[in-house]
Amino acid sequence: MTSDSENSNTMLKILVPLIVVLLIAGAGLNTLLNVGNNQGYAPVQPIPFSHKIHAGANNIPCMYCHSNVEKSKHATIPSMNVCMNCHSVVKPDSPYIKQLKVLYNEKKEPFQWIQVHKLPDFVNFNHKRHVLKGVDCTACHGDVKKMSVIRQEKTLNMGFCLDCHRGVSTPDYLRHLVQQNGNPATGVPPGGIAPISCNTCHN
Amino acid sequence: MSHQHEGDQLQKSKPESKAKSGIKYWVDPRELSHDPSRPVPAVGEFASAPTAENADASDGHSRREFLQIMGASLAMVGASACARRPIEKIVPYLKKPEEVTPGIANWYASTCGECDSGCGILVKSREGRPIKFEGNPHHPTNQGGLCARGQASVLNLYDPDRARTALEVGRKGGDASVTWEALDAKVLAKLQTIRANGGKVRVLTGEVSSPSTNKLIAEFLAGFSGGKRVVYEPMGADEVAVASELSYGTRVVPHYHFDKADIVVSFGADFLGTWLSPVEFSKGYSKKRKVGVNAVKAHGKTMSRFVAFESIMTLTGTNADDRFRLKSGDEHKAAMALAYELIVAQGHSRFAGDSAVKAALVPYSPASIAQQLDIPAEVFKKTAQELWENRGRGIVVGGGQSVKGDAGVALEVAVNLLNSALENDGATIDGTGSPATDRSSYADLTKLIEDMKAGQVDALLIYKSNPLFTLPKSLGFEEAAAKVGLVLAFASSVDETVTAADYLCTTPHHTEAWGDASPYIGVHSIQQPTIAPLYQTRGLEDSLMTWAKQLKLAGAITAQPNWHEYLKNNWKETVYREAGGSTPFPLFWESILREGFSGTGKSAGSARSFSAGGLKAVPSPAWNKDKLTLALYPKISQLDGRVANNSWLQELPDPVTKITWDNYASISAARAARLGVEEGDVVKVTSAQGSIEVPAHVQPGMHDESVAVALGYGRRNAGRVGTGIGTDAFPLAAKGTRALAMSGLIVTVEKTGKRYQLAATQHHNNIEGRTAVVKEATLKEYKHDSKAGNESEGEPASMWERHSYPGYRWGMAIDLNSCTGCSACVIGCQSENNIPTVGKKMVLDSKEMHWLRIDRYYSGEKVEDPDTMHQPMLCQHCENAPCETVCPVLATMHDHEGLNQQVYNRCVGTRYCANNCPYKVRRFNWFTFTDEDSVPAPLNLAYNPDLTVRTRGVMEKCTFCFQRIREVKDRAKDTGSLVHDGELKTACQQSCPTDAIIFGNINDKNSRVSQIAADARGFTVLEELNTRPSITYLTKIRNNET
């Protein structure tokens, strides 16, 4: 008995700390691997703007508001006068629209939206090049039409970008669109569909 | 390799570099002396010991404390890494301006306002912020080039020390803000009284090349019975204008066409660096210097010849084929000796029979004065012959700051004689091509000071001028100003003059205001605002118009509602009419705003008739044999000190001395030995006017009896960067009769026993005696053999597999024969690539961050008469890059377009790559040079948002302007085409005033860069290391053997 209990004690003495250490290490590793990963980030915005209503129910095209997405590397958040195009007549009694009108007409101050999809400063992502190639907005932003609160759907980390560029996770429609399977002239590796040179993305 | 030397440890003389052709290159005169007691200081690439200046922890933290602080901050960083990222806001426009698309730059054509050369610029504006100035390629003046000062001007816009409102100074340096309304009320009250009483109003300005501003000032002054404009420019070309009046009867500064000159002779004129319009002159000069594939048609194997006679080693002199040392003050005599040789001895030209001319020349026969000049008489003979053979196709220039004073006027008259005799006047020199008015006048200035002293001036308005700094005390401007009832200073910040004014009428930066320029007849250039004024500023013109309206003056000044309308109306009445007026004016105006200028600048010009009377009017200065003479000169980066608060320019190494952040007394090695002075010994330079203490710098090429000190340093009130940098040399200048005497002044130099560290970059990043870094040949050798001086042992065997570059392969060609060393590219690179400045202490520690440096090599056995070579050195983007193989984290990678990429976020800062780079072009961020203390707001607005601002611990280097490549490729992809040759220019190439740098796709054998790189003169640096660089240099050709 004594030897058995001593044995199990010894086992416990080893196992418990080991498990604790492993758990901590696992948690630590998990944290480290997710540093900078903001998947799921859905902050409360100054007014509860709903993409579900605008893009979903009302079917407003993304580019009506994010109008520079084909011209610039920035998709751009619409300036307030774009909101007022509709809201000078649409739903004028809503308390939020009233808030919007006060800002626009009286205070002359724009909203300060909280940025959701944010890449580090050393990353150059060009919306124009992707959109002109035919990449659907949802490929990176998820199904915005269904989001009443905008939320970061994808990890948007380096692996996410590379998997698509290398052809690992590329959606099929894109694969058909981009008919250049491994074109070394543009730095696209065999099997890939887009360049993966460091400075393709890094400034 | 000797990289790990302590900062101040000395190393024995390195093995001398010896190229194949047997030319010995050196950077420091001590390398030639072979004197073990005077070793060359070796500054390792990784000097890490504290510099002598901060070893005593006088800057607040000792090294240990610093480490403790660092440790604590590291811990903080560790803790914060787990926290959620900070919330960032996106603030959209309320109403987006139609022309602004975030992420896309707008370009506006404008005119550079840094000096009065009137170069056309293109202002790159991102989200409404001007972030970079580039030369306007179509502008007739600068044709795409832009000098270092012009490019650094963007930093002046965001200078945190700019005054933000009008100030009530009260003659005591006060800084109470006043509103413009309050200021107007007070000023008007005084002006009304002055006007009613017929009082005298004076407007003192620097040279203003804006016809509209000049007209407006004249209209304003016309409203006062005693109104007068006085123009004085410390760096101006008074003596050229005065001499022109003496010789030709008209007071003009002619327009020089260096692009038509097959032979150039200069007596001290630094026309490639600081004289008149250096960018335009560099463009023109370099066109005649291109040989081989790079040559303009019909040239092939000929090039122009350039002979320089000068007292100090100027940038221009370093480019001369033959350079002769003169004692400061003897330039006039040398020019007269040349004229004697040409006209009297050789009997050439229409003046050969002119007894008045002959009589004036007789005392200067080279045979009699050659010994005193210390230049062999044959030199004058040969030069005169060459000039005569090329008559009508040559230029003789003289003057500039290093020959300033009455001697300068005498010199200019001699130069005029030479040019008229050689029929250059009217051919390469257009005396009718420059606006005749508003040139600097010393006579007017001295008259003004007299009037002020006599209490004859009731109001003084000062614009673009800083007389309390740029005039020596002996002129008594300060006391005189005290006697003026109302002193108004128009400046953008509180400078020395402002502190003695009643009010500072704060003016905007040139990118915030309308303006124009007419550098010479036939060219009109527009300056348009590209950003709303950052502060409560108002231009001189708007101030004058506001006051004129209240005073109810006559003319357009009151008829037009504001300066913009006034300017537009003036253009309508002048330029538009000149242009023919066939298109409606609004369309014409729009095209001007789009193009930036009107006119071609191709004026024909005609010869003027030279009157010999001028030769007698100005006496030649006396011989000062055996006495030391002083030349005060401007540096490329500072001029008269107006840009002292610009850190880019302070840290720009002087093209010749490679010293940053300081001025110094340049003396020859022989003189230094005689005085017992070493580099860095503080000496006391005493002239009749006063004395200053400056560190000595031993400069090869200096005359043994001359000392040179740069002006523009020692600003007392410049701002946080410029105040107290260097020593003010203006107090040494003396009164003169026709000009302020700034050269040929008799001085004594004594050793003080103090030492001072000069932050020179010339010993940094040296290539440790490796050979074949620069190559050269004489024109004669080159004519005989295109590969002369470019002997190669062929491609070394390689154990590497060659990379494949299936699409583009980016490469560069740099023509050493075109590069003058002007350093415009260094600042262009700095502006484009967010390169920080690090300060003098860090430069002393070899921690400067310039991606592109210009190495300066001397050659020849004689320390007093070296040949000079300038070599832009930047990342060579090697095919077999030594840096790539040693990076443990793959932060530096080779890409499929031949670029050697540096990934900042991956770099962990081992510095292995820099250690393994044979070209020493990698720069390590030892500290965060970009934090808010180093780059106080709003300076951060000048950053280029297209690339990362690097922080501590990251290696960086030239990327071949990757962001520019990306932008042009992006545009090409939009149209489905490839990047066209010439469409893509790096920042250094864009800024180059001599087109020495060509960039492009070297996979395309028809591209300009491929063709130039294939020239027989093409070589790669350190070929024997088999790094296979993407940059091809072309050998320098010296036209000094005929």
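The values are calculated or read from the model by the stated rules, or taken from the named source; none is laboratory data. Predicted model, so just to flag it, every value in this text is computed and none were measured. Virtual Cβ from ideal backbone geometry, glycine too; neighbours counted across all protein chains shown.
Taking only pairs six or more apart or across chains, which ones have beta-carbon atoms under 7 Å, a first residue in region B:839-862 that is of a type in the set (Lys, Arg), and a second residue that is not in a loop (DSSP other than H, G, I, E, B)?
If the second residue must be not in a loop (DSSP other than H, G, I, E, B), the pairs left are B:Lys840/B:Thr660; B:Lys840/B:Ala759; B:Arg853/B:Val826; B:Arg853/B:Met873; B:Arg856/B:Thr868; B:Arg856/B:His870.
Could you tell me which of the residues B:Pro561, B:Pro533 is surrounded by fewer than 18 Cβ atoms within 10 Å (Cβ to Cβ) and over 21 Å from B:Gly150 (Cα atoms)?
Matching residue, one of B:Pro561, B:Pro533: B:Pro561.
Is it the case that some residue within region A:55-68 is crowded, with 16+ Cβ neighbours inside 10 Å, within 13 Å of another protein chain (Cβ to nearest Cβ) and closer than 20 Å to A:Ser148 by Cα?
Taking every residue of region A:55-68 in turn, at least one turns out to be crowded, with 16+ Cβ neighbours inside 10 Å, within 13 Å of another protein chain (Cβ to nearest Cβ) and closer than 20 Å to A:Ser148 by Cα.
Within region B:856-896, work out how many residues are β-branched (Val, Ile, Thr) and touching a Leu at 6+ places or on another chain (Cβ under 6 Å).
Matching residues across region B:856-896 total 1.
Quick one: is B:Val677 modelled with pLDDT of 90 or more, assigned to a strand (DSSP E or B), among the aliphatic types (A, V, I, L, M) and over 19 Å from B:Pro234 (Cα atoms)?
no
Could you run through region A:71-83 and say how many residues are facing chain B (nearest Cβ under 7 Å), touching a residue at least 12 places away in the same chain (Cβ under 8 Å) and not charged (D, E, K, R)?
Residues meeting the conditions: 7.
Looking only at residues in region B:987-1015 that are in contact with a Leu (Cβ under 9 Å, 6 or more places away or on another chain) and polar (S, T, N, Q), which one is nearest to the other protein chains (Cβ to nearest Cβ)?
B:Asn1001
In region A:84-203, which helices (runs of 4 or more DSSP H) lie fully inside it and hold 1 or more residues that are without any contact (Cβ under 8 Å) to a residue 40 or more places away in the chain and more than 9 Å from chain B (Cβ to nearest Cβ)?
In region A:84-203, A:95-101, A:127-133, A:138-141, A:158-166, A:172-177 are the helices (runs of 4 or more DSSP H) which contain 1 or more residues that are without any contact (Cβ under 8 Å) to a residue 40 or more places away in the chain and more than 9 Å from chain B (Cβ to nearest Cβ).
Just one of B:Gly394, B:Gly399 is buried (at least 24 other Cβ atoms within 10 Å of the Cβ), within 24 Å of B:Gly268 (Cβ to Cβ) and in contact with a Gly (Cβ under 6 Å, 6 or more places away or on another chain); which is it?
Only one candidate passes the filter, namely B:Gly399.
Those residues that are in a loop (DSSP other than H, G, I, E, B) and farther than 18 Å from B:Ile636 by Cβ, I need them from region B:698-713; list them, please. It would help to see each step written out before you state the result.
We begin by selecting, within region B:698-713, every residue in a loop (DSSP other than H, G, I, E, B); these are B:699-705, B:711-713.
Scanning region B:698-713 gives B:Pro700, B:His703, B:Asp704, B:Glu705.
For (1) of a type in the set (A, V, I, L, M, F, W, C); (2) within 13 Å of another protein chain (Cβ to nearest Cβ); (3) without any contact (Cβ under 8 Å) to a residue 24 or more places away in the chain; (4) surrounded by fewer than 20 Cβ atoms within 10 Å (Cβ to Cβ), each residue gets a yes or a no:
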{"position": "B:Cys917", "(1), (2), (3), (4)": "yes, no, no, no"}
{"position": "B:Glu932", "(1), (2), (3), (4)": "no, no, yes, yes"}
{"position": "B:Tyr943", "(1), (2), (3), (4)": "no, yes, no, yes"}
{"position": "B:Met955", "(1), (2), (3), (4)": "yes, no, no, no"}
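Can you say whether B:Leu155 is under 30 Å from B:Ala987 (Cα atoms), within 34 Å of the chain's Cα centre (by Cα) and either surrounded by fewer than 24 Cβ atoms within 10 Å (Cβ to Cβ) or without any contact (Cβ under 8 Å) to a residue 12 or more places away in the chain (or both), as far as the supplied structure shows?
Details: under 30 Å from B:Ala987 (Cα atoms): yes; within 34 Å of the chain's Cα centre (by Cα): yes; either surrounded by fewer than 24 Cβ atoms within 10 Å (Cβ to Cβ) or without any contact (Cβ under 8 Å) to a residue 12 or more places away in the chain (or both): yes.
Yes: the conditions hold for B:Leu155.
Identify all residues within region B:798-834 that are aliphatic (A, V, I, L, M), surrounded by fewer than 24 Cβ atoms within 10 Å (Cβ to Cβ) and in contact (Cβ under 8 Å) with a residue 60 or more places away in the chain; write none if there are none.
Matches in region B:798-834: B:Leu816 only.
Looking only at region B:873-884, filter to residues that are under 15 Å from B:Met955 (Cβ atoms) and surrounded by fewer than 21 Cβ atoms within 10 Å (Cβ to Cβ); which one of those is farthest from the other protein chains (Cβ to nearest Cβ)?
B:Pro882
Sort out which residues of region A:90-105 are β-branched (Val, Ile, Thr) and under 14 Å from A:Ser50 (Cβ atoms), and write them in order of number.
The answer is A:Val90, A:Ile97.
Kindly provide the set of residues from region B:928-957 that are in contact with a strand residue (DSSP E or B) (Cβ under 9 Å, 6 or more places away or on another chain), among the hydrophobic types (A, V, I, L, M, F, W, C) and under 23 Å from A:Asn126 (Cα atoms), ordered by number.
B:Leu941, B:Ala942
Considering only residues that are within 9 Å of chain A (Cβ to nearest Cβ) and within 35 Å of the chain's Cα centre (by Cα), look in region B:893-904 and name the one that is nearest to B:Pro806 (Cα to Cα).
Only one residue fits best here, namely B:Glu897.
Could you name every one of the helices (runs of 4 or more DSSP H) located completely within region B:500-605 that has at least 2 residues being under 32 Å from the mean Cα position of the chain (by Cα)?
B:540-551, B:563-573, B:585-595
Among the candidates B:Arg922, B:Arg911, which residue alone is free of Cβ contacts under 8 Å to residues at least 60 places away in the same chain, under 25 Å from B:Ile854 (Cα atoms) and either more than 14 Å from chain A (Cβ to nearest Cβ) or of a type in the set (Asp, Glu) (or both)?
B:Arg922
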